[in-house]
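All remarks here apply to the structure that follows.
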Amino acid sequence: YSGNESVFSELSNINIRLTNLLLFCVASSVIQAQEICDHLGTLPYEEIGCIPTLGPNGCPKSFDCSHYEVPSDGCIFKGQTYQNRESINGTNPCNVGCFCNAEESFEPKIICAAIGCHFNVYNVCYRVHDLDLCCPTDQICPPFDDLGTCQVDGKTYREGEYFQPEGQCLNCVCQKGFIGEFVEPFCRRVNCDLELRFAKKIAEGCAPAYTRTADALCCPSNTLSISAVEDSTVSEDKCIYGQLEFNINDVLNLTYNRYNQQKYKYTQYSDDASVFSVLSNRILRITNFVFCIIIAVIQGYEICDHLGILPYEEIGCTPTLGPTGCPKSFDCSHYTVPNDTCIFKGQIYQDNENVNGTAPCNPACICSIDETFGPSINCAVYDCNWNVFENCYQTDDLDSCCPSGQKCPPFDDSAICQVDGKTYKEGQHFQPEGQCLSCVCQKGFTGEFVEPFCRRIQCDVEIRFAKEISENCAPAYIKTADALCCPIHYICPSKTLNITVVENTSITDDKCVFGELEFNINDIMNLTYNIYEEKVAECSCILPPSLTCKSDY
């Protein structure tokens, strides 16, 4: 039981003569104790390292969890203690990017990103799974002639399909060679990662709640005024619920409220570790006039953000500067998207390879190659839900996606930052008007938007739009934005219903390309397109090689 070799000795050392049939039945019940006991809800106890006391049927009759404590200033997971901001190791594939959040103003908790398994499957095809991954890995389409099948609990599963044997806490995938034994590489013990959500509740003696209809009690879905249904006789072993004790076989109903009525705020930022470099490499003579030009060049990132330069920077295009110090065009001729690999920041990634250098809000990214749909980069998503105490406010960190804490009264020693006529308190996020910068108010801020106060926004456009960029689609920005930073989507010719030219200028050397069409500098047009719904975007050729569009969100 519980993967412990010494556990199997209690029943096996009974030296008694039995018939072959009886001995086989007893041995089988001990060896497979993990599975045959799953109707009792043993899995949570296993995960937190409790010590079982076995009953006569080979299943645990109780567990000793007296060792289990949750630190007040850190997090615990699988016996390991973690400090604030430390990464958590050993979680299951569906819990990625986990870290301990133990800020002084919050109770310690483990925060993980959520993987969105969006996977399109063609008709007559089916998804295939891998025990090492959270999401489906591929799809299998006809013909199915050479595929393996698995007969389990009266059902037939095809090669690559997921199944869970009835009454057992096992994750399984049908594969060639399966003969009905639920062992590696076909099956693996379910990993609930119970402590990610319930460590504090476990320590407080709360009760695990399972789905009523489950034939195996594996991962609790939640905890739980009590009304007794049946009182049994006093027993030596007790069940503890908070400060209450119950005897073995006591039955009761718990009335509970799963969701507290709380207000949450959601904040998400993108940031980038690289700072102010691309437009500063010009050597100019210093005169009063040229001094102005140098200022424009050194601060080119900010003063040019109304043009939409950020996506070009991220894919490594080469700028040609105009007389104002801002780019007048970019050369992106090097940029191609391979058919059988992924590309991100000039680096090529193979199938299932981890993608490095993404923004904090795009954690645990991997390259996924699908024979039908081609390459894509899939990332997990943080759910930044925070309960903020009354009269307090959230605080942010440029290195994190989610708020890092909260500040509560008194605020006597807190810094304030005056930016664009607004006042920000210490730890609050702000974005200077007209600039693609992510900033956090901190002590020492004097109005200069530099590290450690500010950082260039990181859009990670290639994660969502690499294919669209390579097909000469047009970035679309929010119409009301004063800085064109991260496109909300790309408008492609295939999604365009109509093009209405508003203004035609004279022929220019630089051109904006939209699919197979070309436009001259300062050409203006309206694109009617359909992405989820029909919209009209106002587009112009202001920064080749792409059109620049503005649209409603």
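The values are calculated or read from the model by the stated rules, or taken from the named source; none is laboratory data. Because the structure is predicted, anything quoted here is derived from the model rather than measured. Please note: Cβ atoms are built from the backbone with ideal geometry, for glycine as well, and neighbour counts cover all protein chains shown. Keep in mind that these areas ignore ligands, DNA and RNA; they rest on the heavy atoms of the full protein, side chains included. Shrake-Rupley method; radii C 1.70, N 1.55, O 1.52, S 1.80 Å.
Key figures for this structure:
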| item | result |
| --- | --- |
| Pair list, Cβ under 8 Å, 6 or more apart: segment 457-473 residue closer than 15 Å to residue 545 by Cα, other residue assigned to a helix (DSSP H, G or I) and aromatic (Phe, Trp, Tyr) | 473/465 |
| Listing of strands (runs of 3 or more DSSP E) fully contained in segment 504-553 that carry 1 or more residues being among the hydroxyl-bearing types (Ser, Thr, Tyr), under 24 Å from residue 304 (Cβ atoms) and open to solvent by 30 Å² or more (accessible area, probe 1.4 Å) | none |
| Where residue 272 falls short, out of the listed (1) in a loop (DSSP other than H, G, I, E, B); (2) in contact with a helix residue (DSSP H, G or I) (Cβ under 9 Å, 6 or more places away or on another chain); (3) at pLDDT 75 or above | (3) |
| Selection count where residues are at positive phi, among the acidic types (Asp, Glu) and surrounded by fewer than 18 Cβ atoms within 10 Å (Cβ to Cβ), scope segment 438-478 | 0 |
| Residue identified as closer than 28 Å to residue 375 by Cα and either aliphatic (A, V, I, L, M) or at pLDDT 95 or above (or both) among 450, 501, 461, 440 | 461 |
| Some residue of segment 77-95 being within 22 Å of the chain's Cα centre (by Cα) and among the small types (Gly, Ala, Ser) | yes |
| Count - residues of segment 396-423 that are among the hydroxyl-bearing types (Ser, Thr, Tyr), open to solvent by less than 20 Å² (accessible area, probe 1.4 Å) and not in a loop (DSSP other than H, G, I, E, B) | 0 |
